[in-house]
Amino acid sequence: MLETNACAGRQSGYALLPNRVNSAGGGSMTPSLNRKKTVLVVDDSPMNRELLIDIMGDEFNVVEAENGEQAVAAVLRLGLGVSLVLLDYVMPGMDGLEVLEVFQKNGWIKDIPVVMLSTESDPKYIERAYELGATDFLVRPFDANIVLHRARNTIMLYSKQRMLYGMVADEINERERDVNLMVAILSHIVEFRNGESGRHVLRVRMLTELLLTYLADKTDAYNLTPDDISLISMASSLHDIGKIAISEAILNKPGRLAPEEFEVMKTHAAVGAEMLENLPMGQGERLVQTAHDICRWHHERWDGRGYPDGLKGDDIPISAQVVALADVYDALTSERVYKPPYPHGKALDMILNGECGTFNPLLLDCLRENADDICSQVEDVSLDGNRVSDSGYTMRYVADSLAESMDEGKASREFDLMEYERMKYAFFAEMSNEIQFEYAADPSMLIISSHGTMNSGLPDIVADPIDDERMTKMFRREDLLDLDRRLRATSPENPIVNLEMKANLNGKPRRLAVVARSLWSEEDEPAYVGALGKIADVHDGRATAQSIDA
């Protein structure tokens with residue numbers, strides 16, 4: 001899905017003004033009060049653009065781009081604010097097919113329809129355009145009424161498609177809530193009988209989701225997808241269902257359990273798994289199998305000293321490993337009939353020092369590295385027990401689906417809100433004297449914020465920045481190459497680059513701090529597609545520090 005990022009430094013050189021906007025000329029970032037759809041016209045001929053503006057201008061907002069590079073920059077800035085692209089085939093530099101290739105590579109073609117314009121009628125060319133995702137094709141000279149009808153029909157088709165997606169997402173959302181509610185009720189029954197509030201189940205579920213997310217970011221060893229994380233988190237709510245077979249005298253005993261009582265308590269893991277094995281339906285469902293694994297093995301330990309089966313290392317399913325750690329952490333930090341709650345720091349030390357059994361070293365790293373965030377999230381759930389059911393991966397997926405498939409009125413309002421947020425971000429960025437930039441790797445293109453162009457003297461779009469004379473006058477080419485090398489050496493899991501560069505701003509040597517985040521495609525094997533970043537002048541601060549040290 002093409003994103004319109006409100007906080008990524010995408011400040012506008014384009015304004016959604018009635019009838020006409022020149023993408024090369026800059027503009028304000030005032031949210032549109034006009035509900036007209038926006039059409040991007042891409043043609044190197046001013047006469048052809050004028051003709052299309054005359055045809056489209058009364059009914060649509062028109063954004064102009066005079067070449068392929070400007071077209072890509074326009075979509076980067078306007079995102080889903082572009083409802084249709086009218087794209088010429090024959091252009092100097094990047095031609096229409098190359099623009100389509102960029103659209104396809106970045107996934108934009110799924111969200112923004114492209115109608116090709118050309119005097120070229122070669123079947124091979126037309127077939128290639130359709131292969132790359134073009135929605136329609138118009139051969140010059142064309143009739144004004146035909147252009148308008150094609151534009152209306154194409155935009156309406158995409159709008160209806162988004163509405164259909166929205167209906168499906170609404171249904172997914174409703175079913176997800178129903179499933180969450182049913183699981184919460186069942187698990188709450190167990191917790192109620194155990195003399196505890198249902199918050200334990202909620203906290204374990206939240207901790208499970210957090211730890212799985214951290215683990216997926218840290219390693220691909222377990223191939224955890226968002227769907228896996230959502231499923232395991234939901235199934236974690238059933239981890240203690242076997243306790244329903246344990247007597248309340250043992251469950252709620254205020255002191256330490258006698259050895260024979262502890263042996264009875266330990267049976268809840270196998271009992272819970274057996275209950276799921278004996279379900280009359282759903283045996284082939286992933287949720288049932290995942291819940292079974294968690295119930296049976298969430299008391300196993302990495303060194304093989306757990307129960308009931310003494311599994312060791314990664315013989316324990318990762319679902320059960322994560323729930324085991326989440327369960328222990330919450331047990332330590334919560335009040336029980338047999339103990340007061342331990343503070344977060346104490347509980348962390350006990351787990352990391354091995355006082356509660358051994359755990360997967362990678363999971364312990366995740367716990368240690370994200371300790372403050374975990375503590376904060378647990379406190380939030382303790383205050384608001386409904387929070388977890390609204391925060392899972394599935395809910396976030398549904399929210400994304402809804403955002404891309406709203407009906408036309410909602411989409412317009414949503415886009416206006418995004419425009420407002422970007423305007424607000426641009427204002428605060430300008431007040432901080434930072435320069436925001438975007439870099440697209442294919443085609444190689446640097447897009448600089450309006451504040452950055454004003455302070456640097458650079459244009460808002462720089463093609464092939466490493467080889468551009470204006471850039472190399474300001475920055476050393478080796479520094480630009482170093483930044484590019486560092487960005488390409490990142491990964492989706494570790495995308496941040498920090499470095500300092502020397503520059504010549506307005507004839508004065510300055511030291512600049514650069515922070516950039518690499519961007520990656522959403523393919524099975526992600527590819528580097530560019531970066532977002534900001535540049536701050538730290539020269540005076542460095543000079544002050546040196547004088548103090550002296």
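One line per residue, one yes/no per condition, for (1) small (Gly, Ala, Ser); (2) assigned to a strand (DSSP E or B); (3) touching a strand residue (DSSP E or B) at 6+ places or on another chain (Cβ under 9 Å):
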site: 49; (1), (2), (3): no, no, yes
site: 117; (1), (2), (3): no, yes, yes
site: 133; (1), (2), (3): yes, no, yes
site: 141; (1), (2), (3): no, no, no
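I'd like the residue in region 450-474 that is under 19 Å from residue 74 (Cα atoms) and open to solvent by 20 Å² or more (accessible area, probe 1.4 Å) and, out of all such residues, is modelled with the lowest pLDDT.
So the residue we want is 450.
Do we have any residue at all in region 338-349 that's touching a residue at least 24 places away in the same chain (Cβ under 8 Å), under 25 Å from residue 241 (Cβ atoms) and either hydrophobic (A, V, I, L, M, F, W, C) or in contact with a His (Cβ under 6 Å, 6 or more places away or on another chain) (or both)?
Checked region 338-349: no residue is touching a residue at least 24 places away in the same chain (Cβ under 8 Å), under 25 Å from residue 241 (Cβ atoms) and either hydrophobic (A, V, I, L, M, F, W, C) or in contact with a His (Cβ under 6 Å, 6 or more places away or on another chain) (or both).
Considering region 498-525 alone, what residues qualify as being within 25 Å of the chain's Cα centre (by Cα) and modelled with pLDDT of 85 or more?
Within region 498-525, 498, 499, 514, 515, 516, 517, 518, 519, 520 qualify.
Could you say which residue among 399, 324 is modelled with pLDDT of 90 or more and in a helix (DSSP H, G or I)?
Step by step, each of 399, 324 is checked, and only 324 is modelled with pLDDT of 90 or more and in a helix (DSSP H, G or I).
Across region 493-516, what is the total count of residues that are outside any strand (DSSP E or B) and surrounded by 15 or more Cβ atoms within 10 Å (Cβ to Cβ)?
1
Residues checked against (1) of a type in the set (A, V, I, L, M, F, W, C); (2) touching a strand residue (DSSP E or B) at 6+ places or on another chain (Cβ under 6 Å); (3) closer than 24 Å to residue 70 by Cα:
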site: 455; (1), (2), (3): no, no, yes
site: 476; (1), (2), (3): no, no, no
site: 480; (1), (2), (3): yes, no, yes
site: 495; (1), (2), (3): no, yes, no
site: 508; (1), (2), (3): no, no, no
site: 516; (1), (2), (3): yes, yes, yes
site: 525; (1), (2), (3): no, no, no
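Can you name every residue in region 93-113 that is outside any loop (DSSP other than H, G, I, E, B) and within 18 Å of residue 160 (Cα to Cα)?
Of everything in region 93-113, those that are outside any loop (DSSP other than H, G, I, E, B) and within 18 Å of residue 160 (Cα to Cα) turn out to be 108, 109, 110.
Please find, within region 35-51, the residue that is most open to solvent (accessible area, probe 1.4 Å) out of those that are in contact (Cβ under 8 Å) with a residue 40 or more places away in the chain and closer than 13 Å to residue 84 by Cα.
So, considering only residues that are in contact (Cβ under 8 Å) with a residue 40 or more places away in the chain and closer than 13 Å to residue 84 by Cα, the one most open to solvent (accessible area, probe 1.4 Å) is 37.
For region 234-263, which positions are among the polar types (S, T, N, Q) and either open to solvent by 30 Å² or more (accessible area, probe 1.4 Å) or touching a Gly at 6+ places or on another chain (Cβ under 6 Å) (or both)?
247, 252
Among the residues of region 449-468, how many are assigned to a loop (DSSP other than H, G, I, E, B), touching a helix residue (DSSP H, G or I) at 6+ places or on another chain (Cβ under 8 Å) and more than 15 Å from residue 504 (Cα to Cα)?
Adding up the residues that qualify gives 3.
Does region 145-158 contain at least one residue that is buried (at least 20 other Cβ atoms within 10 Å of the Cβ) and under 30 Å from residue 439 (Cβ atoms)?
Looking for residues that are buried (at least 20 other Cβ atoms within 10 Å of the Cβ) and under 30 Å from residue 439 (Cβ atoms), one finds none in region 145-158, hence no.
Find all pairs meeting these conditions: Cβ atoms under 6 angstrom apart; at least six residues apart or on different chains; first residue within region 462-482 and more than 22 Å from residue 442 (Cβ to Cβ) and touching a residue at least 24 places away in the same chain (Cβ under 8 Å); second residue exposed (fewer than 13 other Cβ atoms within 10 Å of the Cβ) and of a type outside the set (Ser, Thr, Tyr).
Filtered contacts from region 462-482: 474/504.
Check every one of the helices (runs of 4 or more DSSP H) wholly within region 216-304 and list those with 3 or more residues that are under 24 Å from residue 358 (Cβ atoms).
226-235, 259-277, 286-297
The values are calculated or read from the model by the stated rules, or taken from the named source; none is laboratory data. None of these values were measured; they are calculated from a predicted model. Reconstructed Cβ throughout: ideal geometry from the backbone, glycine too, with neighbour counts over all protein chains shown. Please note that ligands, DNA and RNA were not included when accessible areas were found on the heavy atoms of the full protein model with its side chains. Shrake-Rupley method; radii C 1.70, N 1.55, O 1.52, S 1.80 Å.
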